[in-house]
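See below for the structure under consideration.
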Amino acid sequence: MGFLELMLLAVGLSMDALAVSICKGLAMDRVTLGRMVLVGLWFGGFQGLMPLLGWLLGSRFSLYITAIDHWIAFGLLAIIGGNMIRESLSKEEECPDASLSVKAMLPMAVATSIDALAVGVSFAFLSVNIGAAVSFIGVITFVLSMVGVKAGSLFGAKYKSKAELAGGVILILMGLKILLEHLGVLG
């Protein structure tokens with residue numbers, strides 16, 4: 001997996017965290033650098049940790065399913081991407097409150113990074129430098145989450161669904177690329 005692919009994957013995975021960060025910024029009465037960093041650390045930390053856990057899990061089974069690993073990677077990315085697209089088109093607005101307590105942030109950090117766990121499983125079947133991948137995913141999510149808090153305070157929830165839609169499309173296209181490369185359609 002090359003740098004551009006990893007960049008697109010990291011951006012796609014971070015879109016859920018970006019959407020929630022936008023809502024956090026919208027709910028805050030005052031946005032400070034400290035609050036932006038705290039939100040970024042929660043989401044970036046979990047977004048970096050989950051693919052590592054998924055990779056460790058997938059590595060235990062990769063030898064047994066190498067014949068269908070490309071289908072697994074494609075299926076996981078397509079399901080995650082499809083779910084993000086469905087959520088982006090939903091009329092339900094689920095903006096969290098402004099609280100940055102562990103009780104408020106932990107469930108959101110886990111929920112927004114579950115898709116990264118599944119991507120980590122697919123990493124076990126691909127040629128990926130896992131250290132670089134999880135670091136990159138974590139840093140991209142950290143930065144975009146900070147930007148999301150600020151954007152939410154400035155622009156409101158207007159961009160939340162667009163972020164989820166873009167993330168879903170990117171993940172589906174990445175899965176399709178993996179599948180087509182394995183089948184020999186793409187060089």
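The values are calculated or read from the model by the stated rules, or taken from the named source; none is laboratory data. Fair warning: this is a prediction, and the values are worked out from it, not measured in the lab. Because the Cβ atoms are built from the backbone with ideal geometry, glycine has one as well, and the counts that use them run over all protein chains shown. Heads up: the accessible areas ignore ligands, DNA and RNA and are worked out on the full protein's heavy atoms, side chains in. Shrake-Rupley method; radii C 1.70, N 1.55, O 1.52, S 1.80 Å.
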| said: With the structure loaded, tell me whether Val121 is at pLDDT below 90 and touching a Leu at 6+ places or on another chain (Cβ under 9 Å) or whether it fails that test. | reply: yes
| field | Single match in Leu171, Leu186, Leu179, Leu144 (criterion: open to solvent by 20 Å² or more (accessible area, probe 1.4 Å) and more than 22 Å from Leu38 (Cα to Cα)) | value | Leu186
| request: Keeping to the range 22-57, report how many residues are polar (S, T, N, Q) and assigned to a helix (DSSP H, G or I). | output: 1
| query | Based on what the data block shows, is Ile137 open to solvent by less than 30 Å² (accessible area, probe 1.4 Å), of a type outside the set (Lys, Arg) and either at pLDDT 90 or above or outside any helix (DSSP H, G or I) (or both)? | reply | yes
| Test set (1) more than 16 Å from the chain's Cα centre (by Cα); (2) open to solvent by less than 50 Å² (accessible area, probe 1.4 Å); (3) more than 15 Å from Ile178 (Cβ to Cβ) - Gln47 fails condition number | (1)
| task | Scan the range 46-79 for residues that are modelled with pLDDT of 75 or more, under 16 Å from Met15 (Cα atoms) and hydrophobic (A, V, I, L, M, F, W, C) and jot them down. | result | Phe46, Met50, Ala78, Ile79
| query | Ser113: among the polar types (S, T, N, Q) and out of contact with any helix residue (DSSP H, G or I) (no Cβ under 8 Å at 6 or more places or on another chain), yes or no? | reply | no
| field | Condition check for Met84: in a helix (DSSP H, G or I) and open to solvent by 20 Å² or more (accessible area, probe 1.4 Å) | value | no
| note | How many residues of the range 101-134 are more than 30 Å from Ala67 (Cα to Cα), open to solvent by 40 Å² or more (accessible area, probe 1.4 Å) and aliphatic (A, V, I, L, M)? The answer is 4
| query | If you check Ala98 against the conditions, is it closer than 27 Å to Lys162 by Cβ and open to solvent by less than 30 Å² (accessible area, probe 1.4 Å)? | reply | no
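Conditions tested, residue by residue: (1) closer than 21 Å to Ala78 by Cα; (2) hydroxyl-bearing (Ser, Thr, Tyr); (3) surrounded by 20 or more Cβ atoms within 10 Å (Cβ to Cβ).
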residue: Ala17; (1), (2), (3): yes, no, yes
residue: Val20; (1), (2), (3): no, no, yes
residue: Leu26; (1), (2), (3): no, no, yes
residue: Arg30; (1), (2), (3): no, no, no
residue: Leu33; (1), (2), (3): no, no, no
residue: Met36; (1), (2), (3): no, no, yes
residue: Val39; (1), (2), (3): no, no, yes
residue: Phe43; (1), (2), (3): no, no, yes
residue: Gly54; (1), (2), (3): yes, no, yes
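Yes/no matrix, rows are residues, columns are (1) without any contact (Cβ under 8 Å) to a residue 40 or more places away in the chain; (2) of a type outside the set (Asp, Glu); (3) within 22 Å of Ile137 (Cα to Cα):
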{"site": "Gly40", "(1), (2), (3)": "no, yes, yes"}
{"site": "Gln47", "(1), (2), (3)": "no, yes, yes"}
{"site": "Leu52", "(1), (2), (3)": "no, yes, yes"}
{"site": "Trp55", "(1), (2), (3)": "no, yes, yes"}
{"site": "Ile72", "(1), (2), (3)": "no, yes, yes"}
{"site": "Ile79", "(1), (2), (3)": "yes, yes, yes"}
{"site": "Gly82", "(1), (2), (3)": "no, yes, yes"}
{"site": "Glu87", "(1), (2), (3)": "no, no, yes"}
{"site": "Lys103", "(1), (2), (3)": "yes, yes, no"}
| said: Of the conditions (1) modelled with pLDDT under 80; (2) open to solvent by 50 Å² or more (accessible area, probe 1.4 Å); (3) assigned to a helix (DSSP H, G or I); (4) not β-branched (Val, Ile, Thr), Leu154 satisfies every one except a single condition; which number is it? | reply: (1)
